[in-house]
Every structure is written in structure tokens, then in C-alpha cells.
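Comments concern the structure below.
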Amino acid sequence: MFSRVLMTALAAGVVAGVFLFAAHMVKTTPLILHAEVYENAAPAETAHATTPATEDTAPAAEAKAEPEEWGPDDGFERSAYTLLADLLAAIGFAFLLVGAIAMSGRDIGWRSGLVWGLCGYAAFFVNPSYGLAPELPGMQAAELQARQIWWIGTAIATAGGLALIFFGQKRALTAIGALLIVLPHLIGAPAHEIRPGGVPAELAAEFAIATSLITGLFWLLLGGMTGYFYKKFES
């Protein structure tokens, strides 16, 4: 069983990860690079407005400038890190998916795998996105740790709620499952102060739509491939 789970997760994860990387390169990465132009321009404009550049102040400002955080260079290095991140994420999600399938004890093929993929899409993207929409660099956001905690809690609650709805034998369990799905939104996602931002709304909207479509296709492919390989490696 372990070798079946391992081989299924690796095979499905690699296929879905390569697709995710290609989709990011074509659609979302250009939007991110565009947004970074606004993100990098904002600090420069603020510094220029608050501290006029003169011969006396310019050297002091340069001396006090903090070193930039490390990041991969644009081009091949950045693309390579994107590919690595997409592959690792896809394989990780594949392990979660095939683990849940194995625990359910149900027969599965590529068609039923699509349903499992849609459930993963709902748990890890759709429901969390109602509270925390996909963000471009430079966009306003609440404190990182608070967002991470809420996102993880929402994903767990949604996955648990869907499990109760699909596998629960009693109406009470179905009701509890539905409550788990909406509970994070009753609590509320971390909020942030509303103030003027540098990223155009049109760019943010295009990124949110593109991310939703790409992630949905990714989960369908991951679910279908997981079902296919799980059946293929049965013997």
C-alpha cells in the first residue's frame, strides 16, 4: 500500500506540477512582474517626497539604507525556483489527496478522481479565497502570521466539513459538516487598514481571475491523474 501511495503521489504530482509551472509562466508570472514595478516604485516615491535629495543628505541616506532581502534573479534562476516550488507543492497536495483516498477505502478511477480534485480545490482555494483573495506584490494585506493561521484553519475546516457531508451517514453529521465550512467566515478573516495602494485594481482583478482558473484546472488535473495512477498501481 505504501509503495502504491508513494508512486501515485509522485506521478500525479509531477504531471500536475509541470502544468502548474507552464500556466504560471504564461499567465500569472507576467502579472507579478508588472505588479513588482509598482511595488518597487512606491518606496522610492515616498523617500523622495519625505527626504529631498541634497549633496549633504544623499550619502547619509545611502549609508542608512537597509540591505535588500535575497531573491532569485529574473530569468532562468527565477523560473527554476518557480518550477521547483510548483513541483513540491503539487507533490505535497498529491500526497494529501491520495492519503485521503486510501483512508476512504473506496475504488477510484480518473473520473471519480476529478470529484476528489474539486473537493481539494474547494478546501484549499475556493473557501479560503472568500476571506483572503489572491494577492499581488505591493497589495495591502493583514499581518502574515494571522493570515497563515486563518488560511490553515479554513482549509482544515473545509476538508473536514466535506468529509462529513460526503461520508457521514446521518443528517446531523451533514449539518455539522456544513457548519464547519462556513465557520471560518463567521469568525472572520484577518482585516487590514484600508488606504490607497499602488497596484491598479484592474491588475489585481486580472490576477485573481487567472489564479482561480489556473488553480481550478490544476486541481482537476491532479485529481484525475491521482485517480488514474492509483488505479494503475493497484496490482
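Restricting to region 171-193, what's the tally of residues that are open to solvent by less than 60 Å² (accessible area, probe 1.4 Å) and in contact with a helix residue (DSSP H, G or I) (Cβ under 7 Å, 6 or more places away or on another chain)?
Total meeting the criteria: 8.
Restricting to region 4-39, name every residue that is free of Cβ contacts under 8 Å to residues at least 24 places away in the same chain and open to solvent by 70 Å² or more (accessible area, probe 1.4 Å).
If the condition is that a residue be free of Cβ contacts under 8 Å to residues at least 24 places away in the same chain and open to solvent by 70 Å² or more (accessible area, probe 1.4 Å), then Val26, Val37 are the ones that fit.
Have a look at Glu202, Glu206 and point out the one that is charged (D, E, K, R), part of a helix (DSSP H, G or I) and surrounded by 16 or more Cβ atoms within 10 Å (Cβ to Cβ).
Being charged (D, E, K, R), part of a helix (DSSP H, G or I) and surrounded by 16 or more Cβ atoms within 10 Å (Cβ to Cβ) holds for just one of Glu202, Glu206, which is Glu206.
If you take just the helices (runs of 4 or more DSSP H) that sit entirely in region 1-82, which of them hold at least 3 residues that are within 30 Å of Ala205 (Cβ to Cβ) and at pLDDT below 50?
Output list reads 29-50.
Kindly check whether there is at least one residue in region 158-170 that is buried (at least 16 other Cβ atoms within 10 Å of the Cβ) and touching a Cys at 6+ places or on another chain (Cβ under 7 Å).
Yes - at least one qualifying residue is present in region 158-170.
Quick check on my filter: what residues within region 100-114 are open to solvent by 30 Å² or more (accessible area, probe 1.4 Å), closer than 18 Å to Ala155 by Cβ and either touching a Gly at 6+ places or on another chain (Cβ under 9 Å) or in contact (Cβ under 8 Å) with a residue 12 or more places away in the chain (or both)?
Ala100
The values are calculated or read from the model by the stated rules, or taken from the named source; none is laboratory data. Note that the structure is a prediction, hence the values are computed from the model and not measured. Heads up, the Cβs are rebuilt from the backbone with ideal geometry, glycines too, and the neighbour counts pull from every protein chain shown. Side chains are part of the model used for accessible areas, which takes the heavy atoms of the whole protein and leaves out ligands, DNA and RNA. Shrake-Rupley method; radii C 1.70, N 1.55, O 1.52, S 1.80 Å.
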